[in-house]
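Novice: Supplied in structure tokens, the structure appears directly below.
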Amino acid sequence: MSLSLNKINAVLQLRLKLMLSNLSLLFTPIFAIGFVIIMGSLLPNLDGGEAGAPFSTSGFLLSFGLIFNIAIGGISMSSSPIAEEKEKHTLRVLMTSSVKGVEYFIGSMIPLLVILVATNILLIPASGVAFNDIPLPAYLVITTLASLISILIGYIIGTYAKNQAQASLISTPILITLTSIPVLKIFNENLAEILNYTYGGVIANLSDALAADRGYQWNVTDVSVLAAWFIATLGLFIYIYKKNGLDSD
Amino acid sequence: MGKKLIQVERLSKKFKDQVALKDISFSVHAGEIFGFLGPSGSGKTTTIKILTGQLAQSSGRAFVLNNAVEQIDESIYEQIGIVTDNSGLYDRLTVYNNLVAFAKLLNVDKKRIDFLLKRVGLFEHKNKMAKNLSKGMKQRLILSRAMLHQPKVLFLDEPTSGLDPVTTEAIHALLLELKENGTAIFLTTHNMEEATKLCDSVALLNDGLIVEHDTPKALTLKYNQDKRYQVLLKNEKEVNVAHSAESIQQINHWLLNDELLTIHSCEPNLEQVFLEVTGRELV
């Protein structure tokens, strides 16, 4: 299958214009940074490395900010526009104007991914973790892959849902579960073990390790979990796309 | 007659137990406006969806630009334009940006956007958000978008439904211009006046079945069974006479005595033809 760069670029520019015309879509990444800064000023400054400290404040904030941005931002920013386009029948117009589904998804994904990755980087200083303490390549690979997984989950929801209301209804329990991961990991050890096998759990592990000055080491479990989630969400997305199409009305 | 650009052979479509199309066949040539006429629910939109690759037929064959409809891909979409009830606009983009997005997709020079906007009377509104346009303006914008890439085939599903007469007239003028330039236009409508005015040939569709197919003129003549004439005399008296030796003598008499002001033959219009063929009205 040959892809047209011109069409991907046209979709990308269209999506950028639509994003700029609806800034509420950018609310989640901005809110993630703002929330982390405000929480940082309110919470006591605990150091996870010290005896008696249940967790590290900066690690908790980074973990929370990343989950907030990647899960809520990634899923809602990708599911809502597809559902809106289906609802307003513009997706059908695009598809009958010579755009391939893959070109549409790639063109739509690029601006989202750039915003998510930029926010993931800005969350480091916002949460109070020192840049020097971060193994940047590992951080970028893990958070970018997790962002991609979230975008794919959003695409699955957007492709399955018939309209925006249905998309947000389906998203809500998923978002609540994903955003609860950092807190659940702290307060329940058994659950923490299970959550290690979610992509949100991998992000929480990464930020905890960074904040506790333990450094982060690549490990088979985290890499396998992310790879498995990526393959599973991509496979599920392809299945739902083939079954429903982009505009099944 | 131009090249055959749409060909439909014994096309049928079933939705579970309901038969939407029954063995329909027709063809549309370059530079022809083909009217597909029928009441709501007769299968017009289903036919457009099948011909544009959005719905699979149950049986039969259909070709658009010599390509089987099952194989319609991006290269065909680059050569056709589609206007349906469900053709959405990007509400939060301006009129101009709505067209720019598609001009980029279809590799169309932006100069054509201004040309088209002037042609449909939207140039002064180019910076207006699409959501703030009236229904008629939206329809003209959708039509401009479908014509942006100068398609070889244009599918129009009730393009003037609910529009004011001025907008309807502007759209008709555009369609006739496209036809002159060789575009094959597939037009569905239940407006028989529109069909008579625009179409080179029409097919009357009833419950998924083509019940008549010919030029509007030929159809009205075919169903002109009782051949009557409407006569207006100079004394303002209106007379409706049947075609007979007696009435021809009477008309001759009026003519010779300079009593006759106007005389018209009373062929049925397409609406009456449809009623006669199907026993139902076009609603």
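Novice: Would you work out which of A:ALA10, A:SER180, A:LEU236 lies farthest towards the positive end of the dipole of the range A:5-244? Charges go on Cβ: Lys and Arg +1, Asp and Glu -1.
Specialist: Checked the options; the winner is A:ALA10.
Novice: Could you do me a favour and compute the accessible area per residue for chain A, 1.4 Å probe, result in Å²?
Specialist: Per-residue value: 44 Å².
Novice: Explain nothing, just the number: relative contact order of the range B:12-81, from Cα pairs under 8 Å at least 6 residues apart, as a whole percent.
Specialist: Averaging sequence separation for qualifying contacts and normalising by length gives 27 percent for the range B:12-81.
Novice: Based on Cβ point charges of +1 for Lys and Arg and -1 for Asp and Glu, what charge dipole magnitude is obtained for chain A about its Cα centre, in debye rounded to the nearest 20?
Specialist: 1000
Novice: Return the calculated 222 nm mean residue ellipticity for chain A, to the nearest 500 deg cm²/dmol, obtained by summing -39500 (n - 2.57) across DSSP H runs with n ≥ 4 and dividing by the residue count.
Specialist: It comes out at -24500 deg cm²/dmol, rounded to the nearest 500.
Novice: Using a probe radius of 1.4 Å on protein heavy atoms only, what is the accessible area buried between chains A and B, both sides summed, to the nearest 100 Å²?
Specialist: 2300
Novice: Another question, if that's okay. Which residue, B:HIS29, B:HIS213, B:HIS243, has the most motion in a Gaussian network model of chain B that connects Cα atoms within less than 10 Å?
Specialist: Of B:HIS29, B:HIS213, B:HIS243, the most mobile in the Gaussian network model is B:HIS243.
Novice: At a Cα cut-off below 26 Å, give the lysines reachable from A:LYS242, other chains included and same-chain residues fewer than 8 away excluded.
Specialist: Cα-Cα hits under 26 Å: A:LYS7, A:LYS86, A:LYS88, A:LYS100, A:LYS162, B:LYS13, B:LYS14, B:LYS16, B:LYS49.
Novice: Within 10 Å of each Cβ in A:96-107, how many Cβ atoms from other chains are there, averaged over the peptide?
Specialist: Mean shielding by partner chains, rounded to a whole number: 4.
Novice: Same structure, new question: Quick check for me: using +1 on Lys/Arg Cβ and -1 on Asp/Glu Cβ, what's the dipole size of the range B:225-266 about its Cα centre, in debye to the nearest 20?
Specialist: 100
Novice: Under a Cβ-only charge scheme (Lys and Arg +1, Asp and Glu -1), can you give me the dipole magnitude of chain B about the Cα centre, in debye to the nearest 20?
Specialist: On the way: 34 positive and 35 negative charges, 260 e Å.
Dipole of chain B, to the nearest 20 debye: 1240 debye.
Novice: Tell me, what HN-Hα J-couplings in whole Hz come from the Karplus equation 6.51 cos²θ - 1.76 cosθ + 1.60 at θ = phi - 60° for each residue of the range A:19-28, using x for Gly and Pro?
Specialist: Rounded to whole hertz, the list is 5, 5, 7, 9, 5, 4, 5, 8, 4, 4.
Novice: Checking buried surface per residue: for the range B:61-78, which residues lose a minimum of 50 Å² accessible area in the protein assembly relative to the chain alone (1.4 Å probe)?
Specialist: B:GLU74, B:TYR77
Novice: Would you list, by chain and number, the lysines whose Cα falls below 18 Å from the Cα of B:LYS4, excluding same-chain residues fewer than 8 positions away?
Specialist: Here the lysines satisfying the reach criterion relative to B:LYS4 are B:LYS152, B:LYS179.
Novice: Another question, then. When chain A is treated as a GNM, springs tying every alpha-carbon pair under 10 Å, which of A:GLY128, A:GLY235, A:GLY200 comes out with the largest mean-square fluctuation?
Specialist: Sorting by GNM fluctuation, first place goes to A:GLY235.
Novice: Still on this structure, I have one more. Carbon-plus-sulfur fraction of the accessible area of the protein assembly as shown, 1.4 Å probe, in percent?
Specialist: Taking all protein chains in place, the protein assembly as shown shows 56 percent carbon and sulfur surface.
Novice: Now a separate question. How large is the accessible surface per residue of the range B:175-238, computed with a 1.4 Å probe and reported in Å² as a whole number?
Specialist: Values: 3200 Å² over 64 residues.
Per residue, the range B:175-238 has an accessible area of 50 Å².
Novice: Of the GluC sites (Glu not before Pro) in the range B:176-283, which ones lie in a loop per DSSP and count no more than 11 other C-beta atoms within 10 Å?
Specialist: Answer by residue number: B:GLU236, B:GLU281.
Novice: Then there is this: Which residue fluctuates most in the GNM of chain A (Cα springs below 10 Å): A:GLY73, A:GLY34, A:GLY59?
Specialist: Comparing A:GLY73, A:GLY34, A:GLY59 in the GNM, the peak value goes to A:GLY34.
The values are calculated or read from the model by the stated rules, or taken from the named source; none is laboratory data. The shown structure was predicted, so the numbers you read here are calculated from the model rather than taken from an experiment. Here Cβ is always computed from backbone atoms with ideal geometry, including for glycine, and neighbour counts include all displayed protein chains. In case anyone asks, the SASA skips ligands and DNA or RNA and just uses the protein heavy atoms, side chains included. Shrake-Rupley method; radii C 1.70, N 1.55, O 1.52, S 1.80 Å.
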